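**Q** Before we start, here is the structure in question, set down as structure tokens.
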Amino acid sequence: MSAKPQIKGWCPGALRPMLSGDGWVVRVRPYGGRLTAAQAEGLATLAAAHGNGMLDLSSRGNLQIRGVKEATHATLIAGLRALSLVDADANIEGRRNILVTPFWRVGDEAEVLAAQLTEALAASDAPALPGKFGFAIDTGTQPVLQQASADVRVERDAQGRMILVADGFEFGKHVTPETAINEAIALASWFMKARNAETRMAQAFQNHAKLPSDFAVPRQRQSYVPKPGQTQSGNLVALAFGQTTSETLASLVKYGSLRMTPWRMMIVEDTRHIPQVDGIITDPDDPLLRVVACTGAPGCTQARGSTRDIAALLAPHVALDQMLHVSGCTKGCAHPGSAPLTIVATKSGYDLIRNGSTGDAPDQINLTPDTLIKAT
Ligand code: SF4
């Protein structure tokens, strides 16, 4: 039997789901960032049976089953456990925030390090970390995860040597495949001692923290921009607003196993075919790739208005080099930073902010869908 769902003081997961406007959100963290074809098929079946059939791919590469009823949560967890998609307990699940470069190759260092880190975070002596604290295993030739949320990163320097990086700090420390995970755990433990009230590594550096002097190796800067298309690991396909349905997931997995990314895209491990599945984006110039939007109303109880219908309406009007963020309230969950165009739902319509974020003063207020088209 799973524990009764809780919402306060926990990082949401499968074992501790989060209540939203359309029911419980059950967040599944695929091990190593990958779902085998059998796991993905099983997950699609469970989402259809116990949720409302909608799934979100989060900015941390996790899949969220939406619309789960409290009464069927335990059955859903039993199904996920049978697919080997749930941790032994909620504390281990809460610590296992690991992003892995989706371009890993079978048996390479990224795959091995991700498995080692999973094991280390499940150990009884693993540090008790804040809910959003995370790790990135980004050991391809070029880093691809630097824009994604993580606190402790394993990357390569410009010479190809492996380095350990504390997020928010410009220099790393050389490590080896043999030492990387022990060093990563030690860095997380260092943070827990060095922090004040901060919950993220970068906040601690902004405020006061200083790393030991051996963190002196310059980081290699990311130049990779994800776009749908063929990669050496399979086809990268996008999901509009990071959302999909159980039917789309079940169709997609017929092409191969799936690798999660933090870009609202998945890699389908098939290098021969472009998946022909309704509900996915395979065209790198699709206007929907230029808009981001949170759940909004009615799925989120805090939303002041709908978001994704507005974003889809405005997408063809967004210039090629621009980006539009539509948010259901000022919290800005889908894109915490600045954007060329930001729209925030309010009690009396939509506010528009140019070159700012959801918390900034609006340039125009009380807009309607029609006046938004003219304003963007
Ligand atoms: S930004 Fe506001 S409306 Fe959108 S998902 Fe977050 S809390 Fe909900």
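The values are calculated or read from the model by the stated rules, or taken from the named source; none is laboratory data. Since the structure is predicted, the reported quantities are computational estimates derived from the model, not experimental observations. Note: ideal-geometry Cβ built from the backbone for every residue, glycine included; neighbour counts use all protein chains shown. Ligands, DNA and RNA are excluded from the accessible area calculation, which covers all protein heavy atoms including side chains. Shrake-Rupley method; radii C 1.70, N 1.55, O 1.52, S 1.80 Å.
**Q** Give me the 1.4 Å probe accessible area per residue for the chain, excluding ligands and nucleic acids, in Å².
**A** 44 Å²
**Q** Still on this structure, I have one more. Using square roots of five times the C-alpha gyration tensor eigenvalues, list the equivalent-ellipsoid semi-axes of the chain in whole Å, biggest first.
**A** Semi-axis lengths for the chain are 31, 26, 22 Å.
**Q** Counting DSSP beta bridges in the range 287-375, what percent are antiparallel, to the nearest 5?
**A** In the range 287-375, DSSP labels about 55 percent of beta bridges as antiparallel.
**Q** Moving on to the next point. Hey, got a sec? Which trypsin sites (Lys or Arg not before Pro) in the range 181-229 land in a DSSP loop and have at most 13 other Cβ atoms within 10 Å?
**A** Answer by residue number: K210, R221.
**Q** Determine the calculated [θ] at 222 nm for the chain from helices alone, applying -39500 (n - 2.57) to every DSSP H run no shorter than 4 residues and normalising by the residue count; nearest 500 deg cm²/dmol. Intermediate values should be presented prior to the final figure.
**A** Numbers: 9 runs with 87 residues, N = 376.
Mean residue ellipticity, 222 nm, calculated: -6500 deg cm²/dmol.
**Q** Here's another thing I want to ask about it. Carbon and sulfur atoms: what percent of the 1.4 Å accessible area of the range 76-218 do they account for?
**A** 52 percent
**Q** Quick one: pull the percent of accessible area on the range 287-375 belonging to carbon and sulfur, 1.4 Å probe, ligands and nucleic acids left out.
**A** The nonpolar share, carbon plus sulfur, comes to 55 percent.
**Q** Which value, to two decimals, describes the C-alpha radius of gyration of the range 335-376 once divided by 2.2 N^0.38 Å? Kindly include the intermediate steps, with their values, before the conclusion.
**A** On the way: Rg = 9.5 Å, N = 42, 2.2 N^0.38 = 9.1 Å.
Compactness ratio reported: 1.04.
**Q** Excluding same-chain pairs closer than 8 in sequence, count the lysine pairs in the chain whose Cα atoms lie under 24 Å apart.
**A** So the count works out to 15.
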